[in-house]
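The block underneath contains the structure these notes are about, expressed in C-alpha cells.
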Amino acid sequence: MEYIILIIASFLAAFVSGAAGFGGALLLLPVVTVYVGAEVAVPVLTIAQLIGNLSRMAFGFKEIKWKFVGLFCVGAIPLSILGAFGFSILPKDMVTRFIGAVLIGMVAIKTVKKIEFKGGTKTLIFGGCFVGLLSGLAGSAGPLGAAIFLSLGLPPVAYIASEASTATVMHIVKTIVYGKLMNISLEAAFTGVLMGAAMIFGTFCANRIIKKMSKDNFQKYVSVLLCIVGVYMIIFGA
C-alpha cells in the first residue's frame, strides 16, 4: 500500500511539474518523509527527481536551449556541491520560507514591470549559483529555477526541457554527494527508482497538454502557480 501511494503521488507530482516546470518536489517531500523517514527523504526524492527530470528532457530534447543550460550550470554545479555538504546545518523551514518570499518578489517585479527582471547571462549564472546552493541545502530550490527560465520568454516545451536539463545536472551531483555523506539502503534507492518510473508517465501526460498551450497563456499560468507556491512556502515552511 505504501508503494502504491508513493507511485500515485509521484505520477501527480510529475504531471504538475511537467506542465509548469516546477512543483514536483514540493508535493512529494511531505509524502516521502512520512513513508521513508526524514533521514533519507531528501536522497530518495533526489533519485526520483533525477529520473523525472530526465524524462522531461527527453520529451522536449530537440527544443533544449543548451547555451542557457550551460550558463546556468556554471554557477549551479559548484554551489549545489557546497549546498549538499551543508544541507544538515541550516534549518530547512527557514530556507523554504526565504525561497517563497524571493519567489513572490520575482513574480511581482515581472508583473508590475517597475523594475524589469531581464533574463540574460548574468541572471542565468548568478541565478544558477543561488538555485544550486538552495537545492543542495534543502533538497530542492522550489520553483526558483523555473522562475529564472520563465524570464527568458521561451516557448512552453523549450522552457520545460531546458529547466529540466539544469535540474538533472544538479540532481546527479547531489546524488553523488548524498551517497558519500549518507548510508542509503538498497530499499531506499529502489523506492526512489520506482517513484521516478511513475514520474515518467506523469511527465508524458503533461507534455501532451503543454504542446497545445500558447506562449502567453502558459506564462500567465506558471506565474499564478509560482505565487501560490510561494505563499504556501512562506506560511508552512518545509
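The values are calculated or read from the model by the stated rules, or taken from the named source; none is laboratory data. In this text, all values refer to a predicted model and were calculated from it rather than measured experimentally. Every residue, glycine as well, gets a Cβ built from its backbone with ideal geometry; the counts of neighbours run over all protein chains shown.
Tabulated results
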{"read-out": "Close pairs (9 angstrom Cβ cut-off, 6 or more residues apart or separate chains): free of Cβ contacts under 8 Å to residues at least 24 places away in the same chain in region 151-178, in a helix (DSSP H, G or I) and small (Gly, Ala, Ser) anywhere", "value": "ILE176/ALA84"}
{"read-out": "Members of region 182-192 found to be assigned to a helix (DSSP H, G or I), exposed (fewer than 14 other Cβ atoms within 10 Å of the Cβ) and in contact with a helix residue (DSSP H, G or I) (Cβ under 9 Å, 6 or more places away or on another chain), listed by number", "value": "GLU187"}
{"read-out": "Pairs, first closer than 12 Å to TYR159 by Cβ in region 58-71, second of a type in the set (Phe, Trp, Tyr) and in a helix (DSSP H, G or I), C-beta under 9 Å, six or more apart", "value": "GLY60/TYR159; GLU63/TYR159; LYS65/PHE149; LYS65/TYR159; PHE68/PHE149"}
{"read-out": "Lone unmet requirement of (1) surrounded by 14 or more Cβ atoms within 10 Å (Cβ to Cβ); (2) farther than 25 Å from GLY179 by Cβ; (3) modelled with pLDDT under 65; (4) not acidic (Asp, Glu) for THR111", "value": "(1)"}
